[in-house]
Structure formats: C-alpha cells, structure tokens
1. Which condition breaks for Glu76 when tested against (1) of a type in the set (D, E, K, R); (2) more than 21 Å from Leu189 (Cα to Cα); (3) modelled with pLDDT of 95 or more?
2. Being modelled with pLDDT of 95 or more and of a type in the set (S, T, N, Q), is that true of even one residue in region 275-282?
3. Would you check if Ile122 is in contact (Cβ under 8 Å) with a residue 60 or more places away in the chain and in contact with a strand residue (DSSP E or B) (Cβ under 7 Å, 6 or more places away or on another chain)?
4. Which one of the conditions (1) under 20 Å from the mean Cα position of the chain (by Cα); (2) within 24 Å of Met246 (Cα to Cα); (3) open to solvent by less than 30 Å² (accessible area, probe 1.4 Å) does Tyr105 fail to meet, given that it meets all the rest?
5. Only one of Glu301, Glu276, Glu313 is of a type in the set (Asp, Glu) and closer than 20 Å to Thr98 by Cα; which?
6. Looking only at region 63-93, count every residue that is farther than 14 Å from Arg318 by Cβ, assigned to a loop (DSSP other than H, G, I, E, B) and polar (S, T, N, Q) and tell me the total.
7. Any residue that is among the aromatic types (Phe, Trp, Tyr) and crowded, with 24+ Cβ neighbours inside 10 Å - is there at least one of those in region 278-291?
8. Exactly one of (1) polar (S, T, N, Q); (2) within 29 Å of Leu179 (Cα to Cα); (3) in contact (Cβ under 8 Å) with a residue 60 or more places away in the chain; (4) touching a Ser or Thr at 6+ places or on another chain (Cβ under 8 Å) is unmet by Gln305. Its number?
Amino acid sequence: MNLSKIKTGIVILLFVLLIGLLYSSGWKYGRFMDPVERSQILPTNRPPPMTPLPGEAPGRTDVLTMTTWSAPVVWEGTFDPVLLDSHYQTKNLTIAATVFAQGKYIRFLKRFLETMEQHFFIGFNVHVFVYTDQPNEVPQVKMSSGRQRTVKTVHTLNRWQEITSSRMFLVQALIEEELHDYADFIFCLDVDSEFHGHWGTESLGELVGVLHPGYYKTDRSGFPYERRPISKAYIAPEDGDFYYAMGAFGGNLQQVHQLTQNCSINFWDDATKGIEAAWQEESHINRYMWINKPSKVLSPEYQWQDFKAQDPEVHIIRFSGIVKNYAEIRPNWV
C-alpha cells in the first residue's frame, strides 16, 4: 500500500470518527436531525416574528430594515438601545463570546478585549473565551463586575485555513461541554477587530448573521459564494439572500450549536474530496444561512472594515476589522 493510500485512509477514518462524535451530540439540543441531511434541505421562510419588543421601530427608509422572511435588519435608528437593554436587564442573561488569537494574531487581542469592555453588552453578564496557542501572552485587561474571561489553550496550526475551520468544532464543543448550563446567547468574533460603539441586546436573536461590508450593496451574482457543486458550501448562481461576514455571528445556544456542527461536518466532507471552499468558514456559514434563515440580520455597522470609507447610510461603526498586512501575519497567505 503506497503512502497516498495510507493518508487517504487516515483522513476517511478521522472523518468517520468525527461524524460519530457529532451525531452522538445531536440529541442534546432538541429534536435530532442528521446534520448532513440538514445541509441539503431546501430553504424555507421563517414564520413572522413575534410582537416587537419595547424600543424596536422601523425608523429608517434609506436602508433595508426587514428581510423577505420577516427578520429585522438592525441599523442605527431602528431601535432605542436604552429601552431594549432595560427590557432585558430583568432577565439576568449571560452572553458568551469566543475569540481566537493564534500565531501572530495574539497582537490584536489587547485592543479587542479593551474595547469590548467599553462597548459590548455593558451591564450584562459576559463570559469571554479566548482560544490561543500562547496562553502566557494573553494580556491582563481589567473586567467589570459580572464579566469574566477564560483562556483555553489550543494547538499551534501552520495554515490559517486550518485555524478557521477548527473554530467551528471548538465552539460546538464549548456549547456542549460548558455553556448549556448557564449561558443564553453566544457570539463568535474575530480578534483582528475593535469595538467602536454600542453593541447590545438589539443584536439578540435565535440565529444572527452580519451583512458583509464589502457586499451589502452588491447583487447576489457578485457574491463570492462557493460555486463548485462538489463542495458542501456550494450555492448556485440563482440562489442566496445576502453575503454574511464570518467575523461576527451568533444566536442562542441551540441554533449556534446546529450551525457549528453542520459546518464542522461539511469541512471534513470537503477535506475527504481534497477541496477547500472559496472562503473556508465564511463560505460554509453562507451556505448554512441561506438554508437556515437568520432570525435577525445585523447591518455592516457590526462588522465594518477600517480600510473602507464610511458609507452615508452607515451612521455608526460598532465593530470593525483593523488594517493589517496579511502576508506578514499569515505565513502561507495566498
């Protein structure tokens, strides 16, 4: 047996073991559905949303504020942050957040954590989980009452594509092993970003996606979806709603668990075929959210890019990716 056949056999064995692990966890979060089968279900519209909460209002006519499946699109001017946050204060919510700071990305963690303390769910219970291969380099940022940070050590990975794909499995495991007892919502955020404005309860929903700042005004034909039918991230040219950013997404535990479980399986399925989706994690998230419509969509205010000029309809930037040299921080950047 030659070396290539041995490698192929190992990959297939690992894939089978992962499938078994993911399937065994599926019963914990509501009615079980085969996640591979789930990924092939044709999209269906969600039922109309519940009665708006205090502080929610249309408020804007220059931007899209409601999707075709009746999910709100959150922009500045479509909600009252004081009324909404006060409504949720009585519920004693805990918001979990994950951030991955591996390799040279550790340099961005201090500003991420500092600005998070200033803007992210202020006045609520927040638990931040930092995943890093350099635990001794995690900065000591003072946290307010009701907020805590847990550092989780992960292996060093050489390829940035492997880092992005591993995040889904690790977030899934976190929900299963630790969060189901006490957290209510979870957001997965990119470390090479900073907070600039209020991010609060207006962002809460069952499944929450964020409009990519580079494509929210682009026709779907211009979205960089995965277009190869062989990939589990495939979206046909006539399909798709929006192009969602991978730098921020979230929701309640059950919905984010289903998303991360599905994407983990589909990563491995693609790997057995020797392919990677066009934009790895982001491509799989877009496939999932086309099929499983988000219950709330956040505007590009929640994932801007510092190198972009602020568009007129963007009245505030809440969270934004910083300018960086990818060739320097990603050794294998192509």
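1. Single failed check for Glu76: (2).
2. Initial filter on region 275-282 (modelled with pLDDT of 95 or more): none.
So far as region 275-282 goes, no, none of its residues is modelled with pLDDT of 95 or more and of a type in the set (S, T, N, Q).
3. On the way: in contact (Cβ under 8 Å) with a residue 60 or more places away in the chain: yes; in contact with a strand residue (DSSP E or B) (Cβ under 7 Å, 6 or more places away or on another chain): no.
Here the answer is no, as Ile122 does not meet what is asked.
4. (3)
5. On the way: Glu276 fails: closer than 20 Å to Thr98 by Cα; Glu313 fails: closer than 20 Å to Thr98 by Cα.
Among Glu301, Glu276, Glu313, only Glu301 is of a type in the set (Asp, Glu) and closer than 20 Å to Thr98 by Cα.
6. 6
7. Step one: of region 278-291, the residues among the aromatic types (Phe, Trp, Tyr) are 279, 288, 290.
Adding the requirement that they be crowded, with 24+ Cβ neighbours inside 10 Å leaves 288.
Scanning region 278-291, I find at least one residue that is among the aromatic types (Phe, Trp, Tyr) and crowded, with 24+ Cβ neighbours inside 10 Å, so the answer is yes.
8. (2)
The values are calculated or read from the model by the stated rules, or taken from the named source; none is laboratory data. The structure displayed is predicted, hence computed values, not measured ones. Reconstructed Cβ throughout: ideal geometry from the backbone, glycine too, with neighbour counts over all protein chains shown. Quick note on the areas: whole protein, heavy atoms, side chains included, nothing else; ligands and nucleic acids left out. Shrake-Rupley method; radii C 1.70, N 1.55, O 1.52, S 1.80 Å.
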